[in-house]
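Right, one structure below, let's go through it.
The values are calculated or read from the model by the stated rules, or taken from the named source; none is laboratory data. The structure presented is a predicted model; accordingly, all values stated were derived computationally and were not measured. Using ideal geometry, Cβ is built from the backbone for each residue, glycine included, and neighbour counts are taken over all protein chains shown. The area values use the complete protein model at the heavy-atom level, side chains included, leaving out ligands, DNA and RNA. Shrake-Rupley method; radii C 1.70, N 1.55, O 1.52, S 1.80 Å.
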Amino acid sequence: MLKNDLILRAARGEKTERTPVWLMRQAGRILPEYRAVRNSLSGFKELVETPELAAEVTIQPVDILGVDAAIIFSDILVIPEAMGLTYEMVEKKGPHFPKTVETVNDIQALKVADPTDLSYVYEAISITKKELNGRVPVIGFAGAPWTIFSYMIEGGGSKTFSKARRLLYEDPKMADQLLEMITQSTIGYLKNQIKAGADMLQIFDSWAGVLPPKHYSRFSLKYISQICDAIDEVPITVFAKGAWWALPELANVNCRTVGLDWNMNPKEVKSILTGKTLQGNLDPCALYGSEATIKEATKQMLEDFEGHPYIANLGHGVYPDTDPNKVKYFIECVKELSSH
Ligand code: CP3
């Protein structure tokens, strides 16, 4: 039994006694307690692949920050790895794929991820569930197929994602072939996260905003929809960063909640997405401000979402150099200002 199920009730569109709050990328990054665990290991991947420790850093923000949900500590890049494309996490730089997908032959060398490949994630979820003992729900997650595709083609982050985007013009069939494999891998992966105990799921489409609207529908939303249609066990949140033009179409996707980034105007989105819970969308940079500034920005945000089913969050992941005390203050502000 969950003692705090505010976020699940809000996701279902129910009225709650106060607004639930959590932060994208809350596990890790900002907490010294995370870094202590992380520094005792060979690197990021060892932490992701050691279920007891992944569970420990998943729970840290619940204990330290007081958030209303735990998001499982992992990375969206475990899917390409399970498909046969290994990633490295380069210290202070980010992910790097030594081998990328360049030809149809490269795709043929990959496989649809076998659900048993990622058993360390499922184990981390069951340990987390056991240790949380119902204190808050656990959020499972995956990258959207388009965002995963971008990493597999580019081999890492990029300013323009032009290699990934050009393939959509040069060889749409090949693009579909890879996107289809990622989609199938992701469906199996998310279903196993639910079996392991995930109470809700979020799909991160971090690079949604680099696509033109037609390509976004055709090469990203299409596959996100397939995932949402395949899963009806728990509520799903879709976060399509930068894709403001896709909001009307997201109304027809089988998800409960839509995540907004800080470029989106909650007052407008409320009238576009009448049937969905909304999540977001404070500019992560607001947390560099003074306490008075944070309080004012939080108050404004809560007012903007007033009257709509709502989960408070930032408009993207918390930035690594944010002061954890400021994060904690933001969470306290949401709790205090939204209590009726
Ligand atoms: O919320 C959480 O903190 C839970 C775990 C989580 C991580 N990555 C751990 C991580 C989640 C939900 C992710 C998602 C993720 N990973 C996304 C989607 C969300 C977003 O921010 O847009 C993306 C694009 C990635 C890929 C990725 N992983 C990048 C670009 C980087 C490097 C830069 C950075 O810190 O974001 C990572 C590394 C990573 N993933 C770290 C953590 C805690 C930092 C590395 C470390 O601790 O050594």
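For the reader, a short list of remarks on this structure follows.
- Filter result for Glu88 (in contact with a strand residue (DSSP E or B) (Cβ under 6 Å, 6 or more places away or on another chain), free of Cβ contacts under 8 Å to residues at least 60 places away in the same chain and open to solvent by 60 Å² or more (accessible area, probe 1.4 Å)): yes
- Filtered residue count, region 26-41, keeping only those that are within 10 Å of the ligand (Cβ to nearest atom), open to solvent by 30 Å² or more (accessible area, probe 1.4 Å) and under 12 Å from Gln60 (Cα atoms): 2
- Failed item in (1) near the ligand (Cβ under 7 Å from one of its atoms); (2) open to solvent by 20 Å² or more (accessible area, probe 1.4 Å); (3) in contact with a Ser or Thr (Cβ under 8 Å, 6 or more places away or on another chain); (4) not acidic (Asp, Glu), with Phe73 passing the rest: (2)
- The numbered conditions (1) crowded, with 16+ Cβ neighbours inside 10 Å; (2) away from the ligand (no atom under 11 Å from the Cβ); (3) closer than 21 Å to Ala198 by Cα; (4) not basic (Lys, Arg) are all true for Ile139 except (2).
- Contact map, region 260-273: first residue under 21 Å from Trp207 (Cα atoms), second residue open to solvent by 80 Å² or more (accessible area, probe 1.4 Å) and at pLDDT 95 or above, Cβ cut-off under 7 Å, separation 6 or more or different chains; pairs are Asn263/Trp244; Met264/Trp244.
- Odd one out for Ala109 among (1) more than 13 Å from Tyr120 (Cα to Cα); (2) within 14 Å of the ligand (Cβ to nearest atom); (3) without any contact (Cβ under 8 Å) to a residue 40 or more places away in the chain: (2)
- Any hit, region 5-24, residues being over 17 Å from Leu278 (Cα atoms) and either in contact (Cβ under 8 Å) with a residue 24 or more places away in the chain or within 13 Å of the ligand (Cβ to nearest atom) (or both): no
- Pick from region 63-75, criterion in contact with a strand residue (DSSP E or B) (Cβ under 6 Å, 6 or more places away or on another chain) and outside any loop (DSSP other than H, G, I, E, B), ranking: farthest from Tyr122 (Cα to Cα): Ala70
- Cβ-Cβ distances below 9 Å connect the following pairs, each with a first residue in region 144-167 that is of a type in the set (D, E, K, R), a second residue that is within 12 Å of the ligand (Cβ to nearest atom) and open to solvent by less than 40 Å² (accessible area, probe 1.4 Å), and a separation of six or more residues or different chains: Glu154/Phe97; Glu154/Phe161; Lys163/Ser150; Lys163/Glu154; Arg165/Ser150.
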